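The structure appears right after this line, and notes come after that.
The values are calculated or read from the model by the stated rules, or taken from the named source; none is laboratory data. Quick caveat: nothing in here was measured; it's all calculated off a predicted structure. Quick reminder, even Gly has a Cβ in these numbers, built from the backbone with ideal geometry, and neighbours come from all protein chains shown. Only protein heavy atoms, including side chains, enter the accessible area calculation; ligands, DNA and RNA are left aside. Shrake-Rupley method; radii C 1.70, N 1.55, O 1.52, S 1.80 Å.
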Amino acid sequence: MLDFKAILVATDFSACAGAAFKVAVNLARCFKAKLVLLHVIPQSALTRVAEYVKVEPDNLLPQFREQAQQRLDGFLKDYGHDGLEVTSMVGVGIPFQEIAVIARDLAVDLIVVGGYGRSGRGPIEEVFFGSTAEKVVRLLPCP
């Protein structure tokens, strides 16, 4: 019998991630599980912006984290969580790797991610290497 106590939801703030969050809320309600909402700031984006504005990435990180947290708060308001316990987190790194590391560290029982994100379907990288969701599925033993 399935018994989910902790559910991780990864978001890139896309509509697909919003739909995944709604599913996670329903599952959390059914299983009386807590939700962890995670956004990962891609290290590559942080590095590109830092190079463009000619500062060290570490100097930009607090601002990136604050903006991401504000977006997580807005995401929760937009999609609702029916009074469920939700912890929001911001990570930095390669999204699929960071999702996997945090899922393992928190010992979550289930990960919910949208099938495709802000970039939509069909980028050539996804054709050859898979989406973030597919990479997470390959790395972790939990559903």
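At a glance:
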| read-out | value |
| --- | --- |
| Environment charge at residue 42 (Cβ cut-off 10 Å; Lys +1, Arg +1, Asp -1, Glu -1) | -1 |
| Accessible surface of the range 1-48, 1.4 Å probe, proportion on carbon and sulfur as whole % | 64 percent |
| Neighbour-limited loop hits for trypsin sites (Lys or Arg not before Pro), the range 1-54 (at most 11 other Cβ within 10 Å; DSSP other than H, G, I, E, B) | 32, 54 |
| For the range 1-109: accessible area per residue (Å², 1.4 Å) | 57 Å² |
